[in-house]
Amino acid sequence: MMTGNDRSALSGLKVLVVEDSYFVAIALSKQLKELGCTIIGPAPSVAAALSLLKTEPCDAAVLDINLGSETAEPVADALVEQKTPFLFVTGYSSPRLLAKTYSTHRRLVKPVTPEMLRDALAAVLNG
């Protein structure tokens with residue numbers, strides 16, 4: 001359970017969640033809500049995420065790398081263009097699914113704890 005101090009740093013942030021697994025998307029959304037974030041999505045595909053980005057501004061994003069038959073790279077590209085910080089949350093420990101551009105980008109391996117998510121999100125927000 002998150003304490004008030006855990007929530008304060010991320011409280012009020014709008015976070016886009018891009019995850020194709022329904023149960024993982026719900027779990028990530030719940031963890032982010034417990035950190036005080038407002039959830040945009042979750043989006044299960046690149047098309048859904050890009051559509052949300054056009055209509056729902058966000059402060060940060062949490063992206064699954066592998067979205068079925070596609071990767072989240074087009075979403076990452078859009079976020080970079082918008083100067084929106086993001087991190088990857090994936091079931092894969094290898095960065096090989098990502099183009100070289102994102103191979104060193106902050107990445108958490110599933111399953112993630114609320115503390116891991118909080119610390120990683122705070123780190124990408126602080127540059």
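Between the Cα long axis of helix 46-55 and the first principal axis of the chain there is an angle of about 60°, rounded to the nearest 10. Distance between the C-alpha centres of the range 100-125 and the range 20-93: 12 Å, rounded to the whole angstrom. Shape class of the range 16-63 from the alpha-carbon gyration tensor: oblate, with a/c at 1.5 or above and b/c at least as large as a/b.
Note on Ala123 and Asp77: their simple-model spin labels are 2.7 nm apart, each label 7 Å out from Cα toward Cβ. Relative contact order, whole percent, for the chain stands at 23, derived from Cα pairs under 8 Å and 6 or more residues apart. Panel values: the chain, Kirkwood radius from alpha carbon pairs, Stokes-Einstein at 20 °C and 1.002 mPa s, translational diffusion coefficient 150 µm²/s. Taking 0.36 nm per residue of separation and subtracting the current Cα-Cα distance, fully stretching the chain between Asn66 and Phe23 would add 14.0 nm.
Compared with the dominant principal axis of the Cα atoms in the chain, helix 22-34 is inclined by about 40°.
Can you give the net charge of the other residues whose Cβ lies under 9 Å from the Cβ of Gly41, counting K and R as +1 and D and E as -1? Around Gly41, the charge tally is -2. Seen against the Cα atoms of the chain and their longest principal axis, helix 114-125 is set at about 70 degrees. On full extension, the segment bounded by Thr113 and Glu34 gains 27.3 nm, given 0.36 nm per residue less the C-alpha separation.
FYI, it's all coordinate maths here, none of it is from the lab. Just so it is clear, the structure is predicted and the values come from calculations on it, not from any experiment. Ideal geometry is used to build each Cβ from the backbone, glycine not excepted, and the neighbour counts take in all protein chains shown.
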